[in-house]
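Notes for the one structure printed next.
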Amino acid sequence: MDSLSLPLAVTLALLAAYWLGRVTRAARARLAPRVTYWAAPGLGALLLAPMLDVPALFGVGAGLLLLAEYWPHAFVPQRIRPSPGWPLVLAVLGGGLGVNVLRGDADPWVTAISAALLLAGLAGLLAAAAFRPWPVTPPLTFASRWKTVTTPDWPELTVTLSEQGAHLRNVSGRTLRVAGWSPAGLNAWYPVRAPTGDTMQELAAGQEALLPVQAHDHGVRVWYAPARGETTHLFRADWTPTAHAEDRVLN
């Protein structure tokens with residue numbers, strides 16, 4: 001450790017603090033660290049270079065830091081909080097090796113490895129602590145029918161008729177929460193079900209539900225909402241009942 005100058009030690013400490021701060025800010029934006037973890041061995045290489053008197057390690061460390069900073073997948077979007085399990089293990093291992101460093105009986109390799117492990121573990125723990133999970137959106141209920149509704153300018157749902165009923169398809173390109181449906185002109189309320197008969201609370205992009213309409217029904221009304229948002233949307237579809245198809249007049 002005698003070969004590690006004070007200016008270099010201060011520089012490495014500032015670089016470590018900057019990186020930990022960046023990981024924390026990214027976690028608040030719901031971005032989990034991935035490639036950016038290469039900063040930990042990069043700082044370890046910078047720490048090891050003067051102790052071994054190997055200038056090439058400065059280049060290795062600087063390259064890893066640049067990779068951790070500018071690689072496109074340094075951080076990735078994530079919906080759930082990162083697990084603090086393995087960062088805690090790394091921090092404990094780094095701290096255990098650091099005890100030998102503090103005693104002064106550790107070689108340069110142990111010093112660099114302990115610093116890298118401790119730094120990576122601390123970064124993972126900070127990411128888990130600062131991460132803000134997406135708010136849990138409650139499922140839609142019967143109360144959605146009595147709320148003020150809006151109809152999007154561009155249809156988000158389509159209906160295709162078959163012998164089984166009305167096939168409701170999500171064409172919005174995003175997940176939609178579905179509350180229920182009713183045949184047009186009736187004061188009814190039915191859950192939206194999959195073709196298998198299972199009740200559905202969400203309709204993924206491109207997914208299809210089956211509404212068991214009857215031959216005399218002339219349309220459907222479906223209440224739904226985006227996956228994130230409180231505004232209730234209403235989908236309307238009308239057609240000539242199949243029971244009176246022979247009486248249909250085309251204009």
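Compute the helix-to-body angle for 6-28: its Cα long axis versus the longest principal axis of the chain, expressed 0 to 90° and rounded to tens.
It is inclined by approximately 10 degrees.
So what is the relative contact order of the chain, in percent, for Cα pairs below 8 Å that sit 6 or more residues apart?
Working: 432 pairs, mean separation 38.9, N = 251.
Reported relative contact order: 15 percent.
Relative to the compact globular guide of 2.2 N^0.38 Å, what is the alpha carbon radius of gyration of region 146-249, as a ratio?
Working: Rg = 13.5 Å, N = 104, 2.2 N^0.38 = 12.8 Å.
Region 146-249 yields a ratio of 1.05.
Helix-derived [θ] at 222 nm for the chain: sum -39500 (n - 2.57) over DSSP H runs of at least 4, divide by residue count, nearest 500? Provide the component values of the computation, followed by the final result.
Working: 5 runs with 94 residues, N = 251.
One gets -13000 deg cm²/dmol as the mean residue ellipticity at 222 nm.
Could you give the nm distance between label points at Arg236 and Arg79, where each point is 7 Å from its Cα heading toward the beta carbon?
With each label placed 7 Å out from Cα toward Cβ, I get 3.3 nm.
Leaving ligands, DNA and RNA out of it, report the carbon-plus-sulfur percent of the accessible area of the chain at a 1.4 Å probe.
Looking at the chain in its full context, I get 62 percent from C and S.
Using just the Cα positions, wrap the chain in a convex hull and report its mean projected area in square nanometres, one decimal place.
Working: hull surface 79.4 nm².
The Cα convex hull of the chain, projected and averaged over all directions, gives 19.9 nm².
Looking at the chain, identify the longest residue range that excludes and avoids all GluC sites (Glu not before Pro) in DSSP loops having at most 16 other Cβ atoms within 10 Å. Working shown, then result.
Numbers: sites that count: Glu163, Glu230.
That would be 1-162.
Please give the charge dipole size of region 117-251, origin at the Cα centre, charges +1 on K and R Cβ atoms and -1 on D and E Cβ atoms. Round to the nearest 20 debye.
Values: 11 positive and 11 negative charges, 112 e Å.
For this selection, approximately 540 debye.
Report, in debye and to the nearest 20, how large the dipole of region 1-117 comes out about its Cα centre when Lys and Arg carry +1 and Asp and Glu carry -1 on their Cβ. The partial results should precede the final answer.
Numbers: 8 positive and 5 negative charges, 182 e Å.
The dipole of region 1-117 has a size of about 880 debye.
Once you charge only the Cβ atoms, +1 for Lys and Arg and -1 for Asp and Glu, what is the size of the charge dipole of the chain about its Cα centre, to the nearest 20 debye? Display every interim value, and only then the final one.
Details: 19 positive and 16 negative charges, 122 e Å.
Charge dipole, the chain, about its Cα centre: 580 debye, nearest 20.
What ³J(HN,Hα) values, in whole Hz, does the Karplus curve 6.51 cos²θ - 1.76 cosθ + 1.60 give for region 45-56 when θ = phi - 60°, with x put for Gly and Pro?
Karplus-based 3J(HN,Hα) across region 45-56 equals 5, 5, 6, 7, 4, x, 6, 9, 6, 10, x, 4 Hz.
Working out 0.36 nm times the residue gap between Thr196 and Val10, then minus their Cα-Cα distance, what length gain in nm do you get to one decimal? Can you show the working numbers first?
Numbers: separation 186, 0.36 × 186 = 66.96 nm, distance 6.43 nm.
Roughly 60.5 nm would be gained on extension.
For region 115-171, take the alpha-carbon Rg, divide it by the Kirkwood Rh, and send me Rg/Rh. Don't skip to the answer; put the middle values down first.
On the way: Rg = 22.9 Å, Rh = 16.9 Å.
Dividing the radius of gyration by the Kirkwood radius yields 1.35.
Report the one residue of Leu203, Val92, Pro139 whose Cα lies farthest in the direction of the positive end of the charge dipole of the chain (charges on C-beta: Lys and Arg +1, Asp and Glu -1; origin at the Cα centre).
Farthest along the dipole direction, towards plus: Pro139.
Treating the Cα atoms of region 68-191 as identical point scatterers in vacuum, please give the log10 of the normalised Debye intensity I(q)/I(0) at q = 0.11, 0.17, 0.18 Å⁻¹, two decimals.
For region 68-191, the Cα-only Debye profile gives -0.66, -1.00, -1.07.
Taking only protein heavy atoms and a 1.4 Å probe, what accessible area per residue, in Å², does the chain have with all protein chains in place?
Values: 14330 Å² over 251 residues.
That works out to 57 Å² per residue.
In sequence order, what are the phi-derived ³J(HN,Hα) couplings for region 140-151 according to the Karplus relation 6.51 cos²θ - 1.76 cosθ + 1.60 with θ = phi - 60°, rounded to whole Hz, with x for glycine and proline?
Once θ is set to phi - 60°, the couplings for region 140-151 become 6, 10, 4, 4, 4, 5, 9, 7, 5, 10, 10, 10 Hz.
What angle do you read, to the nearest 10 degrees and between 0 and 90, between the alpha-carbon axis of helix 108-130 and the longest principal axis of the chain?
For 108-130 against the chain, the angle is about 30 degrees.
Given q = 0.15, 0.21, 0.23 Å⁻¹, what are the Debye log10 I(q)/I(0) values for region 1-101, with equal point scatterers placed on the Cα positions and solvent ignored?
Debye curve over Cα of region 1-101, log10 I(q)/I(0) at q = 0.15, 0.21, 0.23 Å⁻¹: -0.70, -1.20, -1.31.
The values are calculated or read from the model by the stated rules, or taken from the named source; none is laboratory data. Worth saying up front: this structure is predicted, and the values here are computed from it rather than measured. Note that we place each Cβ from the backbone using ideal geometry, even for glycine, and neighbour counts take in every protein chain shown. The area values use the complete protein model at the heavy-atom level, side chains included, leaving out ligands, DNA and RNA. Shrake-Rupley method; radii C 1.70, N 1.55, O 1.52, S 1.80 Å.
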